[in-house]
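S.K.: This is the structure, below, for whatever I ask next.
The values are calculated or read from the model by the stated rules, or taken from the named source; none is laboratory data. These numbers come from a predicted model, not from an experiment. Virtual Cβ from ideal backbone geometry, glycine too; neighbours counted across all protein chains shown.
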Amino acid sequence: MPATDNDRPYRIDALELGPMENFVYLISDKKTGRAAVVDPAWEVDEVLKLARQRGVTITDILLTHSHHDHINGIQQVLNAHDAQLHLCKAEADFWGKALTTPTLHHGGDIIQLGDTAIEVLHTPGHTPGSACYKINHDLITGDTMFVFGCGRCDLAGGDPEQMFDTLRKLGRLPGDTIIHPGHNYSVKETSTIAEECDGNPFMHFHDKHKFIEYRMHIHDKVRSDPYEAVKRED
């Protein structure tokens with residue numbers, strides 16, 4: 001069973017910021033007061049204010065991917081804190097930006113934030129180096145998985161075949177895993193893997209070619225946000 005909030009060595013705060021309903025996350029390690037910001041963007045002053053309110057110091061920046069709406073606040077965080085930037089190597093290669101000594105990761109790596117272990121999952125599909133961050137029973141999914149949706153695959157670097165494989169992999173995580181998406185596109189802000197397997201139409205496909213057809217040509221014509229659960233047909 002997942003630990004209660006009081007039992008966990010960490011806290012996750014979500015801020016909805018910017019014109020694209022982005023969720024920016026602050027992961028705080030309770031014992032050491034270290035904190036990591038996931039995908040700093042838009043109104044970064046709000047993130048810095050929250051860190052001060054929590055009494056934590058931002059020591060790390062975690063990127064789920066490199067699209068502008070998830071990274072445009074990096075420099076502002078670095079101006080305020082001596083933080084280490086983390087992203088998947090495949091995403092750094094795709095991004096092609098000259099970054100100042102980032103820590104590059106592969107799937108399965110562990111980022112240690114004080115007493116809090118953060119596992120890096122390489123989850124390509126939206127971009128080649130998209131990552132999810134797993135902290136105990138919490139999973140920060142960026143644009144890989146939304147509540148009852150998934151990220152687009154028709155932008156630069158997108159690959160629906162990889163997205164199909166990634167979502168099937170995520171679907172094998174424990175059902176009580178709580179997902180924290182990169183955007184507030186649904187009728188609720190979080191869900192569980194079990195709820196996603198039941199109600200996310202992208203999780204209902206067993207045939208890769210049918211998934212690709214739906215993701216690339218059908219979904220955006222038949223659904224609009226806020227996303228609601230879709231009943232499995234089979």
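S.K.: Within the range 186-208, track down each residue that is surrounded by fewer than 20 Cβ atoms within 10 Å (Cβ to Cβ) and either touching a Gly at 6+ places or on another chain (Cβ under 7 Å) or farther than 24 Å from MET20 by Cβ (or both).
M.R.: Answer for the range 186-208, where residues must be surrounded by fewer than 20 Cβ atoms within 10 Å (Cβ to Cβ) and either touching a Gly at 6+ places or on another chain (Cβ under 7 Å) or farther than 24 Å from MET20 by Cβ (or both): THR192, ALA194, CYS197, ASP198, HIS204, PHE205, HIS206, ASP207, LYS208.
S.K.: Does ARG8 count as in contact with an Asp or Glu (Cβ under 9 Å, 6 or more places away or on another chain) and modelled with pLDDT under 95?
M.R.: Yes; evaluated as a whole, the condition is true for this residue.
S.K.: Give the residues of the range 1-50 that are free of Cβ contacts under 8 Å to residues at least 60 places away in the same chain, surrounded by fewer than 15 Cβ atoms within 10 Å (Cβ to Cβ) and in a loop (DSSP other than H, G, I, E, B), sorted by residue number.
M.R.: THR4, ASP5, ASN6, ASP7, PRO19
S.K.: Mind checking which residues of the range 51-75 are in a helix (DSSP H, G or I), within 20 Å of GLU21 (Cβ to Cβ) and not charged (D, E, K, R)? Talk me through it step by step, then tell me what you get.
M.R.: Within the range 51-75, the first condition is being in a helix (DSSP H, G or I), and the residues that meet it are 51-54, 68-71, 74-75.
Now narrow it down to the ones that are within 20 Å of GLU21 (Cβ to Cβ): 68-71, 74.
Within the range 51-75, HIS68, HIS70, ILE71, ILE74 meet the criteria.
S.K.: A further question follows. Does ILE71 qualify as being surrounded by 20 or more Cβ atoms within 10 Å (Cβ to Cβ) and under 14 Å from LEU113 (Cβ atoms)?
M.R.: So ILE71 does not fit the description; no.
S.K.: Same structure, new question: With crowded, with 17+ Cβ neighbours inside 10 Å, out of contact with any strand residue (DSSP E or B) (no Cβ under 8 Å at 6 or more places or on another chain) and either in contact (Cβ under 8 Å) with a residue 60 or more places away in the chain or of a type in the set (S, T, N, Q) (or both) as the only criterion, which of GLY157, GLY149, GLY182, GLY142 stands out?
M.R.: Answer to the selection: GLY157.
Residues are listed down the side, and each one gets a yes or a no for (1) surrounded by fewer than 20 Cβ atoms within 10 Å (Cβ to Cβ); (2) within 30 Å of LEU167 (Cβ to Cβ):
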position: ILE61; (1), (2): no, yes
position: GLN76; (1), (2): yes, no
position: GLN84; (1), (2): yes, yes
position: CYS88; (1), (2): no, yes
position: ASP109; (1), (2): yes, yes
position: ILE118; (1), (2): no, yes
position: THR123; (1), (2): no, yes
position: ILE135; (1), (2): no, yes
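S.K.: Mind counting the residues in the range 81-133 that are closer than 17 Å to ALA41 by Cβ, outside any loop (DSSP other than H, G, I, E, B) and within 16 Å of the chain's Cα centre (by Cα)?
M.R.: Final tally of qualifying residues: 6.
S.K.: Here are ASP176, ASP225, ASP165: which of them is surrounded by fewer than 17 Cβ atoms within 10 Å (Cβ to Cβ), of a type in the set (Asp, Glu), touching a Gly at 6+ places or on another chain (Cβ under 8 Å) and outside any helix (DSSP H, G or I)?
M.R.: ASP225
S.K.: Considering LEU50, LEU78, LEU17, which residue is over 19 Å from the mean Cα position of the chain (by Cα), modelled with pLDDT of 95 or more and more than 19 Å from THR103 (Cα to Cα)?
M.R.: Numbers: LEU78 fails: more than 19 Å from THR103 (Cα to Cα); LEU17 fails: over 19 Å from the mean Cα position of the chain (by Cα).
Selected residue: LEU50, the only one of LEU50, LEU78, LEU17 that is over 19 Å from the mean Cα position of the chain (by Cα), modelled with pLDDT of 95 or more and more than 19 Å from THR103 (Cα to Cα).
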